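Asker: This is the structure I have questions about; it appears just below.
The values are calculated or read from the model by the stated rules, or taken from the named source; none is laboratory data. Every value quoted in this text rests on a predicted model; they were computed, and no experiment measured them. Neighbour counts run over all protein chains shown; Cβ positions are idealised from the backbone, glycine included. Ligands, DNA and RNA are stripped out before the accessible areas are found, and what is left, the full protein with its side chains, is counted by its heavy atoms. Shrake-Rupley method; radii C 1.70, N 1.55, O 1.52, S 1.80 Å.
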Amino acid sequence: MPTAIALPTVTAARRTFTVAVAVAAAVALLPTPADAAPQVDPRPRTSTERAGEQLVFDQHNQARHDPGRFGHPGETPVAALEWDEHLAQVARQWSDIMAQDGRMRHNPHSREQSEWPYGVGENVIHSGWGASNIGAAGLTQWWMDSDGHRDNIMRPPYEAVGIGLSIDWRGEVWATAVFRVAPPDDDYDDDYDDDYDDDYDWDGHEWDDEWSQGPAQNYTPRVRDLSSLCPAVARSRFVDVTRHVDAVECLAEREITLGVSPDRFDPSGTVTRGQMAVFLDRAITGLDRQLPDGPDAAFSDVTGGQRVAIGRLVEAGIVSGYPDGTYRPQRPVTREQMAHFLVATHELLQGERTRGPLRSWFTDNHSDDRFHRQVNVAADLGLAAGTDGRFNHRSPVRRDHIALFLLRLVVAQDDDSFKQQYPGQQA
């Protein structure tokens, strides 16, 4: 095992350290090669290269287990990756090709060479620091500090990876990581195959293209019906509520929020991180579920009534703070962050990870966005929808809209019959 492993400084590495990424089955985005994929038969690795590959692999799993170690405590820990020797051979061959011609880019044959029909992703990197000064910590840290690369490393659907390192004649390091997604469960077709068009089946390549490129047309997902939970009311107790009256009244009746005053709700106001934590904690309690208390005074900027709710959600793994020890409770919650909170809470209450996303619903939510999965799973579950094919994922969440989102989450806990309407499905 090499002992001279050091992370290069940012200023020096800017000149000598380059990275590139293909994300979330995004090998489909690469140009389709006109020629056949070369046979996978890389040269044998040196002992230094193999040791480096093992280090990078180990560090990937350390990052998935504890992303805070790499400066990203807000990431949700995920299961460890398996080693895939065939993917490693694909990665080694591509790293050799980059090292030979001194040019970093993505492998246009990754899909064919991986021999994996369910989706693959790729990270590549070049370090001019050389093998003696860069290893697992350096490579993985730089990938983790890049949004797209980190998304590949931390993406839950990926179950295996192959790492390939090539050290060129100058001693510089070229590396490739090829990831593959988990195959569908054995009962997947029984549950879903009859419910949407074959073009979106796991068994075809169109599913990967749909996920990575976004929807071909604008489709609006259905949302859950709240009529069984929230009876119709003629008038709100809040004088400023004229839209989504039933949902706002239902939210107040369940004491998830009582408004900003006895007769005002501030429907167009922005939901903050602190408020969202309190709303989720109350919604969970209303379902006769009690989260364990978290550490007291977990964040330096959280005081008062929000402290208990935030501590509970941190303990449950639904929310997290910032590296400087703050939670920033007054910061607005964006729609994509809201999707993350909803999906994480749903999975916690259900006791299992939600399968999916089954498609990419929105033209403005891309596979390299941090919360791409959560936005589309929220749509799959009927918890959220966009407008004209857009989710407006960076927009802040309105207070009247959060009533709809939270109540759909409540309904989803007792309704396993909901199935999303997909393009091509007959009504």
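Asker: Against the condition open to solvent by 40 Å² or more (accessible area, probe 1.4 Å), polar (S, T, N, Q) and either at pLDDT below 85 or not in a loop (DSSP other than H, G, I, E, B) (or both), how does N133 come out, does it pass?
Answerer: For N133, the condition - open to solvent by 40 Å² or more (accessible area, probe 1.4 Å), polar (S, T, N, Q) and either at pLDDT below 85 or not in a loop (DSSP other than H, G, I, E, B) (or both) - is met.
Asker: Out of all the residues in region 390-406, which are open to solvent by less than 10 Å² (accessible area, probe 1.4 Å), among the aliphatic types (A, V, I, L, M) and assigned to a helix (DSSP H, G or I)?
Answerer: Correct list: I402, A403, L406.
Asker: Here's a follow-up. Looking at region 373-389, is at least one residue in contact (Cβ under 8 Å) with a residue 60 or more places away in the chain, in contact with a strand residue (DSSP E or B) (Cβ under 8 Å, 6 or more places away or on another chain) and either of a type in the set (A, V, I, L, M, F, W, C) or open to solvent by 10 Å² or more (accessible area, probe 1.4 Å) (or both)?
Answerer: Checked region 373-389: no residue is in contact (Cβ under 8 Å) with a residue 60 or more places away in the chain, in contact with a strand residue (DSSP E or B) (Cβ under 8 Å, 6 or more places away or on another chain) and either of a type in the set (A, V, I, L, M, F, W, C) or open to solvent by 10 Å² or more (accessible area, probe 1.4 Å) (or both).
Asker: Any chance you could count how many residues in region 259-313 are among the aromatic types (F, W, Y) and in a loop (DSSP other than H, G, I, E, B)?
Answerer: Adding up the residues that qualify gives 2.
Asker: Next question, about the same structure. For the list (1) in contact (Cβ under 8 Å) with a residue 24 or more places away in the chain; (2) farther than 25 Å from S268 by Cβ; (3) touching a Ser or Thr at 6+ places or on another chain (Cβ under 8 Å), I need the number of the one condition that R399 fails.
Answerer: Of everything listed in (1) in contact (Cβ under 8 Å) with a residue 24 or more places away in the chain; (2) farther than 25 Å from S268 by Cβ; (3) touching a Ser or Thr at 6+ places or on another chain (Cβ under 8 Å), R399 misses just condition (2).
Asker: Hey, does region 313-328 have a residue that's surrounded by fewer than 16 Cβ atoms within 10 Å (Cβ to Cβ) and under 22 Å from P157 (Cβ atoms)?
Answerer: Taking every residue of region 313-328 in turn, at least one turns out to be surrounded by fewer than 16 Cβ atoms within 10 Å (Cβ to Cβ) and under 22 Å from P157 (Cβ atoms).
Asker: Taking region 106-120 only, how many residues are of a type outside the set (D, E), outside any helix (DSSP H, G or I) and more than 24 Å from the chain's Cα centre (by Cα)?
Answerer: Step one: list which residues in region 106-120 are of a type outside the set (D, E), which gives 106-111, 113-114, 116-120.
Within this subset, residues satisfying the condition of being outside any helix (DSSP H, G or I) are 106-109, 116-120.
Remaining after also requiring more than 24 Å from the chain's Cα centre (by Cα): 108-109.
The qualifying residues number 2.
Asker: Does at least one position in region 319-326 carry a residue that is in contact (Cβ under 8 Å) with a residue 24 or more places away in the chain and either part of a helix (DSSP H, G or I) or under 22 Å from F418 (Cβ atoms) (or both)?
Answerer: Looking for residues that are in contact (Cβ under 8 Å) with a residue 24 or more places away in the chain and either part of a helix (DSSP H, G or I) or under 22 Å from F418 (Cβ atoms) (or both), one finds none in region 319-326, hence no.
Asker: Return the residues of region 339-368 that are open to solvent by less than 20 Å² (accessible area, probe 1.4 Å), of a type in the set (S, T, N, Q) and out of contact with any helix residue (DSSP H, G or I) (no Cβ under 8 Å at 6 or more places or on another chain); say none if nothing qualifies.
Answerer: Residues satisfying the conditions do not exist here.
Asker: Shifting gears a bit: Quick one: how many residues across region 74-103 are part of a loop (DSSP other than H, G, I, E, B), open to solvent by 50 Å² or more (accessible area, probe 1.4 Å) and within 19 Å of G52 (Cα to Cα)?
Answerer: Qualifying residue count, region 74-103: 1.
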